[in-house]
Amino acid sequence: MAQIPNLDNAPINLASLREQSQKELLTILKNIRGKKCLVIDPKLSGSLSLIVQTALLKEHGVELRHLSAEPLQTECTKLVYLVSDQLATTRHISLHIHDNTSKGLQKEYYLYFVPRRSVACEQILKEEKVHDLFTIGEYPLYMVPLDEDVISFELDFAYKECLVDADTSSLWHIAKAIHRLEFSFGLIPNVRAKGKASLDVAEILDRMQTEEPVNIDNVLPDINTLILLDREVDMITPMCTQLTYEGLLDELLHVNDGAVELDASIMGAQQEGKKVKVPLNSSDKLLKETRDLNFEVVVQVLRQKATSMKQDYTDITTNNQTVSELKDFVKKLNSLPEMTRHINLAQHLSTLTSKPSFLGRLDMEHTIVESESYDISFEYIEEMIHKQEPLASVLRLLILFSVTNSGLPKRNYDYLRREILHSYGFEHMATLNNLEKAGFFRKQEMRSNWLTVKRALRLVVEDTDTANPNDISYVFSGYAPLSVRLIQQAIRSGWRPIEEILKLLPGPHFETKRGGLSRASSLESLTGGSANVDKAASGRRSVVLVVFIGGVTFAEISALRFLSSQELMEYDIIIATTKVVNGQTLLDPFVEKLS
């Protein structure tokens with residue numbers, strides 16, 4: 001199955017964006033005549049695999065290498081480096097040049113920064129006295145379509161940079177990506193934003209429109225509404241364990257760039273120690289059907305399909321079938337590799353999710369989210385620390401506990417902080433400082449308003465029917481993601497009816513119409529109701545672009561797809577994000593060890 005996702009059914013023409021990115025890369029390579037070695041920053045290889053196939057690069061006389069500190073072994077005289085703006089990668093490149101020079105090798109060097117040139121990186125090249133040897137350019141890859149309704153800006157560290165390092169350069173990147181979308185699909189007329197970073201992106205977007213305007217004369221925009229949402233507004237959802245099929249795959253096996261890498265033995269191959277990559281996108285019809293379902297239901301669906309296929313086989317072997325019936329059966333057999341793949345994956349997930357430790361953790365997450373017992377939650381986390389369970393698991397539950405309580409009383413905060421350092425080592429002091437600075441794990445300064453928010457937005461839903469859901473809460477078996485409730489409210493009736501609740505959540509908010517109207521931080525500038533998401537004049541469904549700054553989980557993506565599929569919702573949703581995350585991958589950039 002193709003690694004590159006099929007975008008034919010996307011609500012807007014995402015395939016044209018991908019083709020443009022592919023064309024820009026091939027133009028760079030065509031302009032460097034002859035055989036060349038393309039040295040790719042490992043951080044970019046996943047993104048590029050979703051844009052262009054390796055075979056196509058090789059057709060253009062390209063030899064592929066991954067960038068590392070090791071000397072580069074190639075006979076090519078033209079070296080083309082494609083790198084992100086990480087200082088470490090620039091140092092690796094400098095080492096390559098010095099190594100080649102010391103061996104007396106004559107090479108031509110080309111350096112392309114993704115998505116734009118970096119002053120800091122170029123300064124390192126100057127200090128290493130190799131800057132003048134390079135032809136330097138940019139490859140403006142600001143976004144990558146992961147699927148027909150998901151775009152990633154591939155900004156792994158954006159959230160930590162904004163909250164801890166006070167580095168907001170990623171916000172310019174996000175605004176630039178949205179502005180590029182507007183050049184392709186028209187100026188987005190309605191904007192809603194919640195959170196400080198979201199407001200900053202909206203302001204940068206306005207400045208870009210002033211400096212480099214998108215034509216708005218007689219152009220009907222393909223995207224009707226832009227909703228910008230800070231991850232900081234809802235840190236509860238990513239700390240909970242996702243219970244959709246794709247969400248669980250990410251939680252337990254880690255999805256990277258639209259694929260999951262796992263032992264071949266899990267997939268039924270008799271190859272000990274070998275790894276296989278399983279692509280996960282809507283090109284896989286069975287995945288498309290099951291990815292957004294609660295995992296409990298997926299097991300039943302796979303069982304039904306296997307039983308049906310077994311029955312068809314029995315009918316074929318025992319009855320005289322017509323040619324048409326035989327043809328239908330062979331068609332079904334074509335889906336057998338997909339079926340086998342997902343049965344193997346589901347069997348592996350079932351083994352992990354039936355463990356008492358997994359089920360106990362789910363119970364504790366529900367206890368914390370429902371604010372049932374402070375003491376029981378505190379003691380559970382304390383016990384986890386004393387048992388030295390994986391630090392990432394402890395931190396997820398600790399942050400969930402801290403955020404729902406608006407921090408912990410000083411005595412409890414100091415105690416848990418001290419216990420973590422004693423159990424896991426004082427090198428984790430930097431991590432705890434990062435979490436405090438970000439506001440995830442901190443001392444309590446005011447009473448928690450979580451109960452008010454939870455009740456007002458109906459975030460905990462009793463007796464959730466996971467098999468036939470009628471609410472987004474099915475993705476967490478009873479908890480409706482706060483982020484998606486806010487988006488649901490924004491589209492259905494605007495934010496004005498819940499303005500008092502919005503004020504209880506982190507960061508400012510506003511709604512505005514673009515194209516000459518002034519901005520208002522109160523909600524006077526847009527009327528509520530579905531009028532905001534009008535059907536496009538062409539009769540197509542309107543499109544809402546939801547941008548998560550700081551990351552989105554697969555469970556939230558599933559919940560948004562569920563909303564979009566409801567009869568009364570006459571719009572399609574496209575999700576754009578700095579990165580698709582789970583609780584662990586969201587926290588990874590915040591985890592630092594003092595050496």
- Query: With a sphere of radius 12 Å drawn around the Cβ of GLU592, what net charge do the other residues whose Cβ falls strictly inside it have (Lys, Arg +1; Asp, Glu -1)?
  - Reply: 0
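Which pairs, out of LYS176/LYS513; LYS355/LYS503; LYS196/LYS454; LYS36/LYS126; LYS43/LYS443, put more than 29 Å between their alpha-carbon atoms?
Details: LYS176/LYS513 19 Å; LYS355/LYS503 40 Å; LYS196/LYS454 22 Å; LYS36/LYS126 24 Å; LYS43/LYS443 36 Å.
Exceeds cut-off: LYS355/LYS503; LYS43/LYS443.
How big is the antiparallel share of DSSP beta bridges in the chain, given as a percent to the nearest 5?
Numbers: 18 of 61 bridges.
In the chain, DSSP labels about 30 percent of beta bridges as antiparallel.
Projected area of the chain, taken from the Cα convex hull and averaged over every viewing direction, in nm²?
Working: hull surface 127.4 nm².
Computed as one quarter of the Cα hull surface, the answer is 31.9 nm².
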- Rough spin-label spacing in nm, given labels placed 7 Å along Cα→Cβ, for ILE376 and PHE426: 3.8
- For VAL581, which sequence-distant residues (separation of 5 or more, or a different chain) have an amide H within less than 5 Å of its own amide H, given hydrogens modelled in the peptide plane? VAL552, THR553, PHE554
- Query: Setting aside same-chain residues fewer than 8 positions from LYS285, which lysines have a Cα under 16 Å from its Cα?
  - Reply: LYS305, LYS331, LYS332
- Message: Is there a quick way to get the dipole size of the chain? I mean about its Cα centre, with the Cβ of Lys and Arg at +1 and of Asp and Glu at -1; what is the value in debye to the nearest 20?
- Response: 780
- Task: Which order do the peptides 223-232, 283-292 take when ranked by the mean count of other beta-carbon atoms within 10 Å per residue, highest first?
- Result: 223-232, 283-292
- Task: Would you calculate the separation in nanometres between label points at TYR415 and GLU127, each defined as 7 Å from the Cα along the Cα-to-beta-carbon direction?
- Result: 4.7
- Determine the relative contact order of the chain: mean sequence separation of Cα pairs under 8 Å and six or more apart, normalised by residue count, in whole percent. 18
- the range 444-504: C-alpha pair distances exceeding 16 Å, %: 49
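Strictly greater than 19 Å: what percent of every Cα pair in the range 166-279 meets that? Walk me through the numbers on the way to the answer.
Working: 4078 of 6441 pairs.
When every Cα pair of the range 166-279 is considered, 63 percent fall beyond 19 Å.
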- Task: Have a look at the DSSP beta bridges in the range 78-187 and tell me what percent are antiparallel, nearest 5.
- Result: 20
- Query: Label ILE136 and GLN300 with points 7 Å out from Cα along Cα→Cβ: what is the distance between them in nm?
  - Reply: 6.0
- Item | Rounded percent of accessible protein surface that carbon and sulfur make up, the range 106-237, 1.4 Å probe | 48
- Message: So the label point goes 7 Å from the Cα of LYS43 along Cα→C-beta, right? Which residues of the range 575-592 then have their backbone N under 13 Å from it?
- Response: 589
- Per residue, in Å², the accessible surface of the range 59-137 once ligands and nucleic acids are set aside, probe 1.4 Å: 54
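The values are calculated or read from the model by the stated rules, or taken from the named source; none is laboratory data. Computed from a predicted model, the values in this text were never measured in an experiment. Virtual Cβ from ideal backbone geometry, glycine too; neighbours counted across all protein chains shown. Note: accessible area is taken over every heavy atom of the protein model, side chains too, but ligands, DNA and RNA are not part of it. Shrake-Rupley method; radii C 1.70, N 1.55, O 1.52, S 1.80 Å.
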